[in-house]
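Below are the structure tokens for one structure; questions will follow.
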Amino acid sequence: MAEKLKIGSLEPQRLPSVTDLVYEHLYNQVVGLELPPGAKLSEVEVARQLGVSRQPVRDAFYRLSQQGFLLIRPQRATLVTHISEEAVMQAHFIRTALEMATVQAAADAISVDDGKALDHLLEEQKQALAAGDKLRFHELDDNFHKLISEISGHGYAWSLIRDHKAHMDRVRYLSLSFGAQAAIDEHAFIVSAIKAGNGTAAVEAMRDHLSRIGTIVERIHLSHPAFFEMDEK
């Protein structure tokens, strides 16, 4: 008699916790500059406005502080940090090194379904741009780069990038008013190179795409000097 195959059971899908929801809400407000650099926050007031207890707010504050978005000062108001040019360029260095490696690997590993998923993300970005939805565009931009890491077989690389790019996130969001279409065009070129299995072209396209951050920072510093740390040029 054939032995019955044991396939286990389905793992229940994890639902976002209250802390997750508070974190995402505050993250979007900081990146979207509804909470601008220098803004003061208190656990009590945020908890009251969101209708939650103080503990998930405290946990969300901690996560945001670890990413560089908040400065927690005991017995004083928590502050939204100013953008650090040095931190932006440090994140750029880490991100470029990792993404040049993942895009090369993605070009070697790409499947037909992977190509369709990248094309779908590009189309969603175009729709977000047409709708003027900057936060959605920003989210899709992250999803695009995350998907490349996953296709490469090194999804953990995106986790490392995500944890070090807080200051870059706000700069990227501000750049969408003048650079969103260029970002889509560059993404399309990256996708074409990956789908063609041309790792060299994909790496060069990714390097060019990420290298725009220096020019972007200079432009935004001129238009929004109050958003940056005072000791920056």
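Please indicate, with yes or no, whether at least one residue in the stretch 98-106 is without any contact (Cβ under 8 Å) to a residue 40 or more places away in the chain and assigned by TED's automatic domain parsing to the domain that holds GLU218.
Of the stretch 98-106, the ones without any contact (Cβ under 8 Å) to a residue 40 or more places away in the chain are none.
No: the stretch 98-106 contains no residue that is without any contact (Cβ under 8 Å) to a residue 40 or more places away in the chain and assigned by TED's automatic domain parsing to the domain that holds GLU218.
Within the stretch 179-204, can you find the residues that are under 19 Å from GLN127 (Cβ atoms) and acidic (Asp, Glu)?
ASP185, GLU186 - these are the residues of the stretch 179-204 that are under 19 Å from GLN127 (Cβ atoms) and acidic (Asp, Glu).
In the stretch 63-97, how many residues are hydroxyl-bearing (Ser, Thr, Tyr) and without any contact (Cβ under 8 Å) to a residue 40 or more places away in the chain?
Total meeting the criteria: 2.
Please find, among SER223, SER175, SER211, the residue that is surrounded by 15 or more Cβ atoms within 10 Å (Cβ to Cβ) and hydroxyl-bearing (Ser, Thr, Tyr).
SER175
To continue, here is another question. Of the residues PHE228, PHE189, which is crowded, with 16+ Cβ neighbours inside 10 Å and free of Cβ contacts under 8 Å to residues at least 40 places away in the same chain?
PHE189
Here are MET206, MET168: which of them is in contact with an Asp or Glu (Cβ under 6 Å, 6 or more places away or on another chain), within 25 Å of HIS221 (Cα to Cα) and either surrounded by fewer than 16 Cβ atoms within 10 Å (Cβ to Cβ) or not assigned by TED's automatic domain parsing to the domain that holds GLN29 (or both)?
It is MET206.
Right, another one. Which members of the stretch 53-105 meet the condition of being among the hydroxyl-bearing types (Ser, Thr, Tyr) and either within 15 Å of the chain's Cα centre (by Cα) or surrounded by 15 or more Cβ atoms within 10 Å (Cβ to Cβ) (or both)?
Scanning the stretch 53-105 gives SER65, THR78, THR81, SER84, THR96, THR102.
State the number of residues belonging to the stretch 41-62 that are touching a residue at least 40 places away in the same chain (Cβ under 8 Å) and either assigned by TED's automatic domain parsing to the domain that holds LEU176 or not small (Gly, Ala, Ser) (or both).
Looking only at that region, the number is 1.
So, restricting to helices (runs of 4 or more DSSP H) that lie completely within the stretch 6-96, which ones have at least 3 residues that are of a type in the set (D, E, K, R) and at negative phi?
Of the helices (runs of 4 or more DSSP H) lying wholly inside the stretch 6-96, those with at least 3 residues that are of a type in the set (D, E, K, R) and at negative phi span 43-50, 54-66.
The values are calculated or read from the model by the stated rules, or taken from the named source; none is laboratory data. All values derive from a computational prediction rather than experimental measurement. A quick note on method: Cβ atoms are made from the backbone with ideal geometry, for glycine too, and the neighbour counts reach across all protein chains shown.
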